[in-house]
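The values are calculated or read from the model by the stated rules, or taken from the named source; none is laboratory data. Since the model is a prediction, treat every value here as computed from it, not as a measurement. Backbone-built Cβ (ideal geometry, glycine too); neighbour counts: all protein chains shown.
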């Protein structure tokens, strides 16, 4: 049985402020060898500092601070690229993500749904998917939860594209669920689905 909680929008997430930023640095592994984010400095420690990397260890990353959102995406594209029923994506400002080791490779895909580019980052050696940068939101870096060394701290706050969720998926009561994106093409927030009783 699929359920979703319906509630007033009280989240700190502000799509206009967050997603309409202009990137000051290009994304990881984009064409022309450009890179995104900072280089890791192993010196300082910080609260909400989490590390991860690929299966073989060639690419490592660190995120600092809390993610802007933690979204579970059930869209057919995420199902295809993950080889699973959904992806769990932590959304950070690019300055909160640092990479070290091998430079991630990138596969760029044009969405047939909206025509914009998605830049998927992965290890050039073992192929582990690390994240994605969207042309629509170039100042943000999405990191896949499974790439963290210890993802037990990750708590999703929204599910998107539930209309294409696997039939066996149980959606939790304590998160916002959206039939498609959480915002429309003009950047207007969408209302979460009403809870199914």
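At a glance:
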{"read-out": "Single match in 158, 152 (criterion: within 30 Å of residue 59 (Cα to Cα) and surrounded by 15 or more Cβ atoms within 10 Å (Cβ to Cβ))", "value": "158"}
{"read-out": "Sole residue being farther than 22 Å from residue 190 by Cα and free of Cβ contacts under 8 Å to residues at least 40 places away in the same chain, chosen from 110, 116", "value": "110"}
{"read-out": "Residues of the range 78-107 classified as assigned to a helix (DSSP H, G or I) and surrounded by 17 or more Cβ atoms within 10 Å (Cβ to Cβ), total", "value": "5"}
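For every residue, the table says whether it meets (1) over 19 Å from residue 75 (Cβ atoms); (2) part of a helix (DSSP H, G or I).
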| residue | (1), (2) |
| --- | --- |
| 109 | no, no |
| 114 | no, no |
| 124 | yes, no |
| 136 | no, no |
| 142 | no, no |
| 152 | yes, yes |
| 155 | yes, no |
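Let's see how each residue does on (1) within 26 Å of residue 53 (Cβ to Cβ); (2) at pLDDT below 95:
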position	(1), (2)
106	yes, no
110	no, no
125	yes, no
128	yes, no
131	yes, no
137	yes, yes
175	no, yes
197	no, yes
